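This report concerns only the one structure given below.
The values are calculated or read from the model by the stated rules, or taken from the named source; none is laboratory data. Note that the structure is a prediction, hence the values are computed from the model and not measured. All Cβ positions, even for glycine, are placed from backbone atoms using ideal geometry, and neighbour counts span all protein chains on display.
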Amino acid sequence: MAPDAPIGTLSPGLCSVTLRSHSVEEVVALAAKAGLSGIEWGCDVHVSDAAAAARAKEACADAGLRVLSLGSYYRAGTFGDFETTLALAAGVGAPRVRIWAGSLEPNEADAGTWDAVVEDTRRIAALAAGRGVDLAFEFHNRSLTSTVDGTLELLERVARPNVGTYWQPAVGISDGEALDALRSLLDHLTGIHCFSWWPQAERLPLDAREGLWREALGVALDSAKGRGRDLDVMLEFVADDRPENLLGDAATLRRWLTL
């Protein structure tokens, strides 16, 4: 980074799962056309093996896009093979891997489940640190990080510098509740998944929840500047999975980020 480059900015990006039915090359072309900065590549379809990882890395480089992270579906607490996930991250050039905190809600998990998720997260965090890679929990239902309290408790118990969390507005809650959750997680925040669903999982254009997102981006930007750390804001799950709706949401997001 150049000495005079700004530190503590928000960068607009894309989660490749938004375009599951499209090829790696099509995802890259659409992200570039949308004026986005980079891509979080999902392991489920686009970067499922070494060849796909290499192709995605090359396509991003050719288009001038950054690889933001690897969206894995590893569930901490399973003590599974994480080396394969890290190999994919290395192959695609991802500095961060998204993981999941088990598969139970915080109030459903017994002490043994919590202990297993903590221990396994510490294990894979050490493996990731050895490769210079960060980990980020998905802030999502059916996991220990479905609530603010659960997320903070887990991060406190894991206590590893390369482990943080994403944030996204939980389904069905008010703007105020979503913003309170964001503010509570700022010290650990490493990325945002950006979409507008309302009142439940109905997908809307991003600007349908302008009040929420304009406020959220302001809060996140202030935090990024204060911490001197850039933050990725990654578009996810546009209405009807249509590329033209991605382009519209990307234009909205970029406009908000320049205001």
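What to note about this one:
- Annotation note: of LEU231, LEU235, the sole residue that is touching a helix residue (DSSP H, G or I) at 6+ places or on another chain (Cβ under 7 Å), within 24 Å of SER21 (Cα to Cα), surrounded by 19 or more Cβ atoms within 10 Å (Cβ to Cβ) and in contact (Cβ under 8 Å) with a residue 40 or more places away in the chain is LEU235.
- In the set (1) in contact with an Asp or Glu (Cβ under 8 Å, 6 or more places away or on another chain); (2) part of a helix (DSSP H, G or I); (3) not hydroxyl-bearing (Ser, Thr, Tyr), the condition left unmet by ASP120 is number (1).
Table: residues versus (1) within 26 Å of ASP230 (Cβ to Cβ); (2) surrounded by 20 or more Cβ atoms within 10 Å (Cβ to Cβ); (3) charged (D, E, K, R).
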position: GLU119; (1), (2), (3): no, no, yes
position: ARG131; (1), (2), (3): yes, no, yes
position: ALA136; (1), (2), (3): yes, yes, no
position: PHE139; (1), (2), (3): yes, yes, no
position: ASP187; (1), (2), (3): yes, no, yes
position: CYS194; (1), (2), (3): yes, yes, no
position: LEU206; (1), (2), (3): yes, yes, no
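- Verdict on ARG142 being modelled with pLDDT under 95 and either outside any helix (DSSP H, G or I) or not β-branched (Val, Ile, Thr) (or both): no
- Condition check for ALA170: surrounded by fewer than 18 Cβ atoms within 10 Å (Cβ to Cβ), within 30 Å of ALA239 (Cβ to Cβ) and touching an Asp or Glu at 6+ places or on another chain (Cβ under 8 Å): yes
Rundown of residues vs (1) surrounded by 14 or more Cβ atoms within 10 Å (Cβ to Cβ); (2) within 27 Å of LEU182 (Cβ to Cβ); (3) acidic (Asp, Glu); (4) free of Cβ contacts under 8 Å to residues at least 12 places away in the same chain, yes/no style:
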position	(1), (2), (3), (4)
ALA51	no, no, no, yes
ALA63	yes, no, no, no
PHE79	no, no, no, no
PHE82	yes, no, no, no
VAL92	yes, no, no, no
GLU108	no, yes, yes, yes
ALA116	yes, no, no, no
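- The single residue among VAL233, VAL219 that is at pLDDT 95 or above and touching a strand residue (DSSP E or B) at 6+ places or on another chain (Cβ under 9 Å) turns out to be VAL233.
- Hits in the range 20-59 - residues which are of a type in the set (A, V, I, L, M, F, W, C) and in contact with a Pro (Cβ under 7 Å, 6 or more places away or on another chain): LEU30, LEU36
- Among the candidates GLY71, GLY42, GLY102, residue that is under 18 Å from the mean Cα position of the chain (by Cα), more than 25 Å from VAL233 (Cβ to Cβ) and buried (at least 18 other Cβ atoms within 10 Å of the Cβ): GLY102
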